[in-house]
Ligand code: GLA
């Protein structure tokens, strides 16, 4: 690039000069500038008018970066690199795209947070920090009696996977309409769950208000109820939700009463910033606090714990009146993420049962980044593991294939089986076999082809532990009866597809 062009560009983007000087004009210059130290960034303006600021504490060793990032909603370790002026920082606990990337320019960090949020960070002074939060001692552990809800895994829709921060009243209403018109409600999907970013600020009495996107939560609940559906909402035991909005910290009873008064039927309660106040030993009593508060409202509200499987939640979830609990981090609309989540919840299998379920996160079916076979596998695995079925796609514009997957009544029946058993896998090369005993003495059996090429899948009746020889077998994706010969059924299975049968000795 000619020097004149460099100068013209640098007038608009001052950070290109150091990059180009080091990267192109001065060959052999490989010294990374230092960005070690404490930085503070402007954040987004939240939908409740508050600013989400971010503090970045960085250490640097040559081109390698480590450190911590924190905001009102989250804190985690980061790692990354700097080359010339360009830096990339990743969540130290996750693979994937950078959390922050950008350039050092004129003593400031300019770049992108996540997929598309611009940020500028300046050097922080010693007094620049986020507000400190006083520790509130959680209650002593005391079991909360069960609420008697969710005797089969909850089914519904949640706003997060597709809409994230863009959910609003109109979207929820049209989604409720589509839940009915598409046939989803009649297939069993009844909860319409609003995830994070609905929150406003607290009024003078401490009552949490919705933000401008949800002008009247009670009216919205009435609308959703008028469709024969139920409304879910989201909060955090921490001072802030993961997206930085007010959480229920110190307001648990007040918020439970507010939710009940609005007519809320389901609460997802997401750990998020609670990790900045509490330790893992506080998990159970902190969730118990909200479980008891919901119970005290006398309204039937499904209690959904979301703390990514911390502290062996499956062992104490029922004691806080939890109806379901996440066992994993957030799902993405990718084969590897979906499989990672289902495999992470394998050790929790003994703890699933009527009223209390392990939750490998919401469905991505219909969101467009997996093949139809992969989405059928997603649905099959969630059904075999008695997972909650919370659709995460746009119900208003589903393809026929998406509808045929989400509303396959024979697969839904496996998920909703009254016995409530969670299948575990047996591995044989690229094939994984999952067997789920059903209440009527039959079994559902799924073989997943994890490999990259087609494979022959065989089901041996002797592995199914039926009371007698196979009398009836049905392919739940083909909706057709099939025949076992000499105690075996085989089929060719494309890569990432699942053969799902219901097999009975009666
Ligand atoms: C966490 C949860 C997600 C979603 C977001 C909202 O990441 O695990 O399911 O609720 O928070 O901020």
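Any read-out appearing in this document is the output of simple, stated calculations on the displayed coordinates, not a laboratory observation. The shown structure was predicted, so the numbers you read here are calculated from the model rather than taken from an experiment. Note: ideal-geometry Cβ built from the backbone for every residue, glycine included; neighbour counts use all protein chains shown.
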(message) Could you give the length gained by full extension between residue 505 and residue 132, i.e. 0.36 nm per residue of separation minus their alpha carbon distance, to one decimal place?
(response) 128.0 nm
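When the helix-only estimate is applied to the chain (DSSP H runs of n ≥ 4, each -39,500 (n - 2.57), divided by the residue count), what is the mean residue ellipticity at 222 nm, nearest 500 deg cm²/dmol?
Only helices count here, giving -6000 deg cm²/dmol.
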(message) Between residue 336 and residue 204, how high is the FRET efficiency from 1/(1 + (r/R0)^6) when r is the Cβ-Cβ distance and R₀ = 60 Å? Nearest 0.05.
(response) 0.80
(message) On C-alpha positions alone, give me the angle between the axis of helix 335-344 and the longest principal axis of the chain, in degrees, nearest 10.
(response) 70
(request) Classify the range 138-229 as rounded, prolate or oblate from the Cα gyration tensor: take a ≥ b ≥ c as the square roots of its eigenvalues, call it rounded if a/c is under 1.5, otherwise prolate when a/b beats b/c and oblate if not. (result) oblate
(message) Using a 10 Å cut-off around each Cβ, can you sort 402, 297, 122 from fewest to most neighbouring Cβ atoms?
(response) 122, 297, 402
(request) Please work out how much length the chain gains when fully extended from residue 490 to residue 77, using 0.36 nm per residue of separation minus the C-alpha to C-alpha distance, in nm with one decimal. (result) 143.9 nm
(request) Relative to the longest principal axis of the C-alpha atoms of the chain, give the angle of the C-alpha long axis of helix 169-181, reported between 0 and 90° and rounded to the nearest 10°. (result) 20
(request) Run the quick spin-label model on residue 164 and residue 219: label points 7 Å from Cα toward the beta carbon, then report their separation in nm to one decimal. (result) 3.0
(message) What does the C-alpha gyration tensor say about the overall shape of the range 155-415? Classify as rounded when a/c is under 1.5, otherwise prolate if a/b is larger than b/c, or oblate.
(response) oblate
(request) Sort 333, 64 so that the residue with the fewest other Cβ atoms within 10 Å of its own Cβ comes first and the one with the most comes last. (result) 64, 333
(message) How high is the relative contact order of the chain? Use alpha-carbon pairs under 8 Å, at least six apart in sequence, and give a whole percent.
(response) 10
(request) Just grab the label-to-label distance for residue 475 and residue 279, each label 7 Å out from Cα along the Cβ direction, in nm (one decimal). (result) 5.6
(request) Once you have the Cα-Cα distance between residue 399 and residue 462, take 0.36 nm times their residue separation minus that, and quote the gain in nm to one decimal. (result) 18.8 nm
(request) Once you have a ≥ b ≥ c as the square roots of the Cα gyration tensor eigenvalues for the range 425-504, tell me rounded if a/c is under 1.5, and otherwise prolate or oblate according to whether a/b is larger than b/c. (result) prolate
(request) Mind sorting 410, 454, 199, 307 by how few other Cβ atoms lie within 10 Å of their own Cβ, fewest first? (result) 454, 410, 307, 199
(message) Just to verify a number: FRET efficiency for residue 419 and residue 141, C-beta to C-beta distance, R0 = 35 Å, to 0.05?
(response) 0.70
(message) At R0 = 41 Å, how high is the FRET efficiency between residue 212 and residue 440 if r is their beta carbon distance? Nearest 0.05 is fine.
(response) 0.20
